[in-house]
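The structure under discussion appears below in the form of structure tokens.
The values are calculated or read from the model by the stated rules, or taken from the named source; none is laboratory data. Quantities reported herein were computed from a predicted structural model and do not represent experimental measurements. Here the Cβ is made from the backbone with ideal geometry for all residues, glycine too, and neighbour counts use every protein chain on show. All accessible areas refer to the heavy atoms of the entire protein, side chains included, with ligands and DNA or RNA removed. Shrake-Rupley method; radii C 1.70, N 1.55, O 1.52, S 1.80 Å.
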Amino acid sequence: MDLENLVVPALVIVTSGAVWLVGTRGLGLPRARLLTAGARMLEAVGLLMLFLALNLGLGAIAILAWRGISGQFVSLYILNDATLGVLSLVQAVTFHWWWQGGRTRTK
């Protein structure tokens, strides 16, 4: 295995371990709540994928409709932009917090 392939996973493992130590020992966070936090993170990742798919799908439909209506060529490659992923993440996190806030009030 090449060293370049190990840098990112190693970095994430080291920072995750450091944050776990700071959280459990420095901030007194309960270890048992880490599983709940992991489950919520997976919910947020799922929402990210949903919003990204919706944004890409609606963007492709809009581009193809524009091509058909105007006769002007617009490339689908304009959807290949990291900004769309970041904005989809913002949508997903905002929706997730909104959804979680509704859940906690009813309990």
### Message
Anything in segment 81-99 that is modelled with pLDDT under 95 and open to solvent by 90 Å² or more (accessible area, probe 1.4 Å)? List them, or say none.
### Response
97, 98, 99
### Query
Failed condition for residue 56, given (1) surrounded by 12 or more Cβ atoms within 10 Å (Cβ to Cβ); (2) over 19 Å from the mean Cα position of the chain (by Cα), with all others met?
(2)
### Message
Between 48, 58, 29, 64, which is among the aliphatic types (A, V, I, L, M), closer than 29 Å to residue 16 by Cβ and part of a helix (DSSP H, G or I)?
### Response
48
### Candidates 37, 65 - the one that is more than 17 Å from residue 84 (Cβ to Cβ), at pLDDT 95 or above and of a type in the set (A, V, I, L, M)
65
### Query
Looking at (1) open to solvent by 90 Å² or more (accessible area, probe 1.4 Å); (2) in a helix (DSSP H, G or I), can you tell me which one residue 24 breaks?
(1)
### Query
Say we look at segment 29-40 and pick out the residues that are free of Cβ contacts under 8 Å to residues at least 24 places away in the same chain and not small (Gly, Ala, Ser); which of these is surrounded by the most Cβ atoms within 10 Å (Cβ to Cβ)?
29
## Note on the structure
Output for Cβ contacts, cut-off 9 Å, separation at least six or different chains, first residue more than 13 Å from residue 89 (Cβ to Cβ) in segment 41-69, second among the hydroxyl-bearing types (Ser, Thr, Tyr) and exposed (fewer than 12 other Cβ atoms within 10 Å of the Cβ), reads 63/75
